[in-house]
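Here it is, the structure, as structure tokens.
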Amino acid sequence: GPGQAEMYAGLQELGVANGEDLKETLTNCTEPLKAIEQFQTENGVLLPSLQYALPFLDLHGTPRLEFHQSVFDELREKLLERVSAIALEGKVEERYKKLEDLLEKSFSLVKMPSIQPVVMCVMKHLPKVPEKKLKLVMADKDLYKACAVEVKRQIWQDNQALFGDEVSPLLKQYILEKENILFSNDISFLQNFFSPSPKTRRQGEVVQKLTQMIGKNVKLYDMVLQFLRTLFLRTRNVHYCTLRAELLMSLHDLEISDICTVDPCHKFTWCLDACIREKFVDNKRARELQGFLDGVKKGQEQVLGDLSMILCDPFAINTLALSTIRHLQDLVGQDTLPRESPDLLLLLRMLSLGQGAWDMIDSQVFKEPKMEAELITRFLPLLMSFVVDDHTFTVDQKLPSEEKGPIPYPSTIPEAFTKFLQENRIACEIGLYYILHITKQRNKNAFLRLLPALVETFSDLAFSDIFLHLLTGNLTLLSDEFALEEFCTSLFDGFFLTACSRKENVHRHVLRLLLHLHHKVAPAKLESLQKALEPTKQSGEAVKELYNQLSEKLELRKPSPAEVTETPSMELPLPTVPTPASR
């Protein structure tokens, strides 16, 4: 067929006879057998010793094709080894000259499956494959597929669109993987989105594939960063910022200095990476990070755009926010004001740089966002006063009560707190982390006191996936409280259900939580929640699926009518005895 003809077309150019020549010989001759013998002699393996060996193989019924094939395979292996050796020996110009000559001779046979590996091997070892050959490879889908990544890089670096087509599915896969973790049905305060170490995350499939595609090629690295910036701008999806940092650190792990030395964020990212690993910014590293920020020179402000993207990575924000909460607690103990702590001010500076990433890249105005004085003089002291309220309450509980009766936990929230959470992004972020902190401490009183402030927050941050993922995990520590009507009403009616109908993701997170804790919830409350959470026509597949899973679980819990009549005592709610821990 035409495929065959095309495959062997290159042989004639090299003066090697092919099937067409044999056909022609046989058509124009008088003694076909003699002609075949002569063709075999002229085109066979030219080794005198073979003259006697071949008839011997014929006697054993070994087809000539099989013999030639095995000789050929053997020779090809030798040739591949030789090509790899040439690529490493002699003067640079000479070795590449040899390889280029070899490519010139063999390229016409690139369609022959048996020869293709050799041609591909030669190209793989050439740092610059001639433009014409690259164009031919690019024009042929199968050849392009068969190419080594070293050759593809040479094609990609001048074809951004083609490179984009290769990278795009990987980026989609990456975002999907992140979302799957955030919505995972396994809810736990021990294992969450932020548990894996940076080193572990960089072993992920997408980061590894991108690292492999980039190699040491700065141009390709820049292209990937450009894709990430563009997608971050288009979608505001912060996981692209994580990938930006992971990719740089993956190249750092491999010691690809060609790239690391030209990325102005390298040392900053490396230092921050160590903080993320510890989930804390210690004093020494804080100084180092501050040095990088203070060292941005006039005329190089554009690097702030990159640094802000590195700081906008949720893993960075998480580390900065956790460190901020720890600092605030220390300050309470030391009787120090926030404005007197340079370490705390640096954390806030980095938080606002990270939170301002989108605006900076969008506006292309590269300067650090102004820190609002009120954040430091009013909001943080307010948070510190909550910490003090907790201490006071705990101490009061331990004092022998004279006639005064138990002191109630403060239940109102200062209006300023609610206003800060609505209007100031950094305040909101820190406030949310404070709420996660008290939940993790199983501090039910403080949680119920501050929960109403979460209904309306800056840009709906309290209904973002990362916060809800962490909150649902920490709420498992308060699982015994779910038996109490008051707790459930505050949490579900007062918070979650206010957003369920307008925000699909909130609907999903509530269902995740109930799938995990339904056996702890008072039956009457559970029934009303099941009604309130029923999917609507507009609900997506994920919500319907979760709802069905929950309904199945609740079905299994219902006692059968027979059981109810026999043991009515079971239906009485057990009196809830407050345990000392939940006070």
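Considering only the range 158-183, state which residues are open to solvent by less than 20 Å² (accessible area, probe 1.4 Å) and in contact with a Lys or Arg (Cβ under 7 Å, 6 or more places away or on another chain).
Leu170
Condition first: surrounded by fewer than 14 Cβ atoms within 10 Å (Cβ to Cβ) and either at pLDDT 95 or above or assigned to a helix (DSSP H, G or I) (or both). Now tell me which residues in the range 330-346 satisfy that.
Correct list: Asp330, Gly333, Gln334, Arg339, Glu340, Pro342.
When the residues of the range 485-516 are narrowed to those that are modelled with pLDDT under 95 and within 24 Å of Arg449 (Cα to Cα), which ends up surrounded by the fewest Cβ atoms within 10 Å (Cβ to Cβ)?
It comes out as Glu486.
Could you list, in sequence order, the residues of the range 269-296 that are under 19 Å from the mean Cα position of the chain (by Cα), surrounded by fewer than 18 Cβ atoms within 10 Å (Cβ to Cβ) and not aliphatic (A, V, I, L, M)?
Trp270, Arg277, Lys279
Turning to a different aspect of this structure: Scan the range 264-277 and tell me whether some residue there is under 15 Å from Asp222 (Cα atoms), touching a helix residue (DSSP H, G or I) at 6+ places or on another chain (Cβ under 6 Å), in contact (Cβ under 8 Å) with a residue 24 or more places away in the chain and among the hydrophobic types (A, V, I, L, M, F, W, C).
yes
In addition: I'm checking my understanding of the structure. Among residues of the range 347-385 that are outside any helix (DSSP H, G or I) and within 21 Å of Arg287 (Cα to Cα), which one is most open to solvent (accessible area, probe 1.4 Å)?
Lys370
Name the residues in the range 225-242 that are assigned to a helix (DSSP H, G or I) and open to solvent by 30 Å² or more (accessible area, probe 1.4 Å), would you?
Across the range 225-242, the qualifying residues are Gln226, Phe227, Arg229, Thr230, Leu231, Leu233, Arg234, Thr235.
I would also like to ask the following. Among the residues in the range 309-318, are any crowded, with 18+ Cβ neighbours inside 10 Å, among the charged types (D, E, K, R) and either within 18 Å of the chain's Cα centre (by Cα) or not assigned by the TED database to the domain that holds Ile181 (or both)?
Yes.
Quick one: count up the residues across the range 515-534 that are within 31 Å of the chain's Cα centre (by Cα) and either without any contact (Cβ under 8 Å) to a residue 24 or more places away in the chain or under 16 Å from Glu485 (Cβ atoms) (or both).
Summing the residues that are within 31 Å of the chain's Cα centre (by Cα) and either without any contact (Cβ under 8 Å) to a residue 24 or more places away in the chain or under 16 Å from Glu485 (Cβ atoms) (or both) in the range 515-534 gives 1.
Of (1) more than 15 Å from the chain's Cα centre (by Cα); (2) outside the structural domain of Leu320 (by the TED database); (3) not charged (D, E, K, R), Thr211 satisfies all except one. Which?
Of (1) more than 15 Å from the chain's Cα centre (by Cα); (2) outside the structural domain of Leu320 (by the TED database); (3) not charged (D, E, K, R), only one is false for Thr211: (1).
Under the condition of being surrounded by fewer than 19 Cβ atoms within 10 Å (Cβ to Cβ) and in contact with a Lys or Arg (Cβ under 9 Å, 6 or more places away or on another chain), which residue from the range 410-437 is farthest from Ser459 (Cα to Cα)?
Checked the range 410-437; the qualifying residue farthest from Ser459 (Cα to Cα) is Pro410.
Taking the range 433-463 as the search range and keeping residues that are in contact with a helix residue (DSSP H, G or I) (Cβ under 8 Å, 6 or more places away or on another chain) and polar (S, T, N, Q), which one is nearest to Phe495 (Cα to Cα)?
Result: Thr457.
Sticking with this structure for a sec: Being farther than 17 Å from Lys145 by Cβ and either surrounded by fewer than 17 Cβ atoms within 10 Å (Cβ to Cβ) or touching a residue at least 40 places away in the same chain (Cβ under 8 Å) (or both) is the filter here, so list the residues in the range 119-133 that pass it.
Of everything in the range 119-133, those that are farther than 17 Å from Lys145 by Cβ and either surrounded by fewer than 17 Cβ atoms within 10 Å (Cβ to Cβ) or touching a residue at least 40 places away in the same chain (Cβ under 8 Å) (or both) turn out to be His125, Pro127, Lys128, Pro130, Glu131, Lys132.
Still on this structure, please answer the following. Find the residue count for the range 107-118, including only residues that are open to solvent by less than 20 Å² (accessible area, probe 1.4 Å) and out of contact with any Ser or Thr (no Cβ under 7 Å at 6 or more places or on another chain).
So the count comes out to 3.
The values are calculated or read from the model by the stated rules, or taken from the named source; none is laboratory data. Because the structure is a prediction, the values reported are computed rather than measured. Reconstructed Cβ throughout: ideal geometry from the backbone, glycine too, with neighbour counts over all protein chains shown. Side chains are part of the model used for accessible areas, which takes the heavy atoms of the whole protein and leaves out ligands, DNA and RNA. Shrake-Rupley method; radii C 1.70, N 1.55, O 1.52, S 1.80 Å.
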